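S.K.: Have a look at this one.
Derivation of every value follows stated rules applied to the coordinates shown; laboratory data play no part. Bear in mind the structure is a predicted one, so any value in this text is a computation, not a measurement. Cβ sites come from the backbone with ideal geometry, for glycine too, and all protein chains shown count toward neighbours.
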Amino acid sequence: MASIADLLALQGNIKKDPDGYKEEFLLQYKHYQALLEILLLKPSAEGKEFGELANFVAQVSRCYPKDTSDFTAGLMNLLDTHALLMNATLRRTLVQALILLRNRGQIDAVQQLPLFFKLFKCQDKLLRQQLYKHIIVDIRNANKGSRNEKLNRSVQNFLYSVVTVNSTGGGGGGGG
């Protein structure tokens, strides 16, 4: 079990010399995967160490794209299936890791948006603020300089489908 200081030191070393620290990274990544399996058995666990490792892997994943090819999908799946049961701090930490991956271009906004909109259902005001801020900034940045029509069209289609499902699904609870 590495402390946060050890992970930060390793992170710095990996960014300087990825090949020289690959074995240490793989050891930490295996530890992350083991903690993921444990968390899947008990999603309501605090998971502080798991969150630290997830953040570490997100920070250095572009140094080892082949080894971490399933990392993003695993995080997204974990949040998609267990977000409502998860510890709020851990949930926000994992969302922050996904935001980092998005900011580095390792994940498309179109992949992330459905999950992030689903996470708005969580009774966690800080999470909703984090998601809202990221979505707005991400779309704004994508359209900086020139309009990103592909992203805009995808976002519009996604939002239209959300509104359509909510208005026809009877989930609105409105009425006279």
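S.K.: Ranked from highest to lowest mean number of other Cβ atoms within 10 Å per residue, what is the order of the peptides 127-136, 57-66?
M.R.: 57-66, 127-136
S.K.: Still on this structure, I have one more. For the range 113-119, in order, what is each residue's ³J(HN,Hα) by Karplus, 6.51 cos²θ - 1.76 cosθ + 1.60 with θ = phi - 60°, in whole Hz (x at glycine and Pro)?
M.R.: Values, residue by residue: 4, x, 5, 5, 5, 5, 5 Hz.
S.K.: If I model a spin label as a point 7 Å beyond the Cα along the Cα-Cβ vector, how far apart are those points for LEU8 and SER167 in nm?
M.R.: 5.0
S.K.: Still on this structure: Enumerate the lysines that LYS121 could reach by cross-link, defined here as Cα to Cα under 19 Å, with residues fewer than 8 away along the same chain left out.
M.R.: LYS133
S.K.: Which option, (i) 1.02; (ii) 0.93; (iii) 1.08, is the value of Rg/Rh (Cα atoms, Kirkwood Rh) that was calculated from these coordinates?
M.R.: Matching the structure shown: (i).
S.K.: Let me ask something else about it. Spelling out what I want: for every residue of the range 21-33, take phi, set θ = phi - 60°, compute 6.51 cos²θ - 1.76 cosθ + 1.60 (Karplus), and round to whole Hz; glycine and proline get x.
M.R.: So the Karplus estimates, Gly and Pro as x, are 10, 4, 4, 5, 4, 4, 5, 5, 5, 5, 5, 4, 5 Hz.
S.K.: What 222 nm value per residue comes from the helices of the chain, counting each DSSP H run with n ≥ 4 as -39,500 (n - 2.57) and dividing by all residues, nearest 500 deg cm²/dmol?
M.R.: It comes out at -23000 deg cm²/dmol, rounded to the nearest 500.
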